[in-house]
Amino acid sequence: MNEDILAPVGHSDSSPDGTNCHNVNNLQEENRDNLAAPTVVDLNEANGNLLVRGPLPLIVRDGVGKDGGCKNKSEWQFAYDNLNVMLKNVKDVSPAYFSTGKSAALRAQMQEFELGDYHVIVVSLLNTADNANYVDIEKAAFGQKFSRCSAPVVEGTLRGQPANLIWSSVGACSDDASCKNVLESDSDVLCSYNNLMDTISTLMAQKDPTGKKRLIYVHCTHGADRTGIVTMGYLMKDLGLGYSDALTYTNNLGQKTSPHPHNLVETYLTMAQAYCKEIGGSCAAGAGVVGTSPVNPDVTTILPVTSLQIVTTAPAQTPVTHYNPQNSGGSTF
């Protein structure tokens, strides 16, 4: 799926005020089969932090699917309650790459899941060209408090609770030169993929100073390509999966197979290969690519989450200082 394609010429998905929904569905349970639905990617068993991938967390339509007309932009809203419901409805589902013990820990934690019990950190991969209207709604939901690329995290609020919005657009690449640029550099258009992956690792490893568990929600528009490449990078870097297995689980939302796979497009596969090589991973493409995986969930190359350092020190002492909050009411990340 190429999630950056806009509505075809001559096709209208516009609201009465002229805002275009670009064929995006609401984030809601009734649309689950049409979405790369919210899915847990990882659990840090030591601190309870969750990494979740998903699509655009907004309500932009009047109804289910694309039959509901596009709302005026002034009526768009952050889909907080719907995200809560959708995660509750997968309380007994765990990634196939988790060990038996880790799967049990996730299921136990999710039985009483309430989004309000977590410090929510949204990592928005939206770009400034095609997705500007969506970004505006996210900024408003967080009280116009957000950080961009490698800037220090800014403390905002969501539903009256401390929360963070990290706006970090990522792109794809087609050759060594373009991949190096996308991986390493911040620009007016894109943010460094390497820095973003390091930041997510740090946020997952740290114990939140509020005492809450963290829920880090990574999304783009459809939750497939940009969200997929971030998910795949995390599986390779933090959980130790090889390229093929990481790709299988990324395409199938954490499972070995899926009736509705969300396959990464070629330019993102090129980027995944470049990142795999950069981190010294197992980068051979093979059987795992087509939807089967040799990984035994109980005997894997996954690094245990409990081996992660729990960072509670000042930002300068963390592995990724450029994303840690400064002068934000004493919060440390």
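The values are calculated or read from the model by the stated rules, or taken from the named source; none is laboratory data. If you're wondering where the values come from, they're calculated on a predicted model, not measured in any experiment. Counting neighbours? That spans all protein chains shown, and the Cβs are built from the backbone with ideal geometry, glycine included. With ligands, DNA and RNA removed, areas are computed over all heavy atoms of the protein, side chains included. Shrake-Rupley method; radii C 1.70, N 1.55, O 1.52, S 1.80 Å.
What are the pairs, 6+ residues apart or on separate chains, where a residue within the range 77-91 that is within 10 Å of Glu114 (Cα to Cα) and open to solvent by 30 Å² or more (accessible area, probe 1.4 Å) has its Cβ under 8 Å from a residue that is assigned to a helix (DSSP H, G or I) and not polar (S, T, N, Q)?
As it stands, the answer is Val85/Glu29; Lys88/Met110, since those pairs meet every condition given.
Take the residues in the range 46-76 that are crowded, with 17+ Cβ neighbours inside 10 Å and under 26 Å from Gly101 (Cα atoms), then tell me which one is farthest from the chain's Cα centre (by Cα).
Result: Asn47.
Using the structure shown, decide if Thr227 is part of a loop (DSSP other than H, G, I, E, B), within 21 Å of Leu83 (Cβ to Cβ) and of a type outside the set (Lys, Arg). Walk me through how you get there before you give the answer.
Values: part of a loop (DSSP other than H, G, I, E, B): no; within 21 Å of Leu83 (Cβ to Cβ): yes; of a type outside the set (Lys, Arg): yes.
So Thr227 does not fit the description; no.
Could you identify the single residue in Glu112, Glu138 that is assigned to a helix (DSSP H, G or I) and either open to solvent by less than 10 Å² (accessible area, probe 1.4 Å) or not β-branched (Val, Ile, Thr) (or both)? Please lay out each step first, then the result.
Numbers: Glu112 fails: assigned to a helix (DSSP H, G or I).
The conditions single out Glu138.
May I ask you to list the residues in the range 211-263 that are of a type in the set (Gly, Ala, Ser), surrounded by fewer than 24 Cβ atoms within 10 Å (Cβ to Cβ) and within 17 Å of the chain's Cα centre (by Cα)? If you could, list the steps in order and put the result at the bottom.
Residues of the range 211-263 of a type in the set (Gly, Ala, Ser): 211, 223-224, 228, 233, 240, 242, 244, 246, 254, 258.
Applying the additional criterion that residues be surrounded by fewer than 24 Cβ atoms within 10 Å (Cβ to Cβ) yields 211, 240, 242, 244, 254, 258.
Across the range 211-263, the qualifying residue is only Gly254.
Tally up the residues in the range 16-44 that are assigned to a loop (DSSP other than H, G, I, E, B) and closer than 30 Å to Thr100 by Cβ, please.
To start, the set of residues in the range 16-44 that are assigned to a loop (DSSP other than H, G, I, E, B) comprises 16-19, 21-28, 35-38, 44.
Those still in the list that are closer than 30 Å to Thr100 by Cβ too: 35-38, 44.
Of the residues in that region, 5 qualify.
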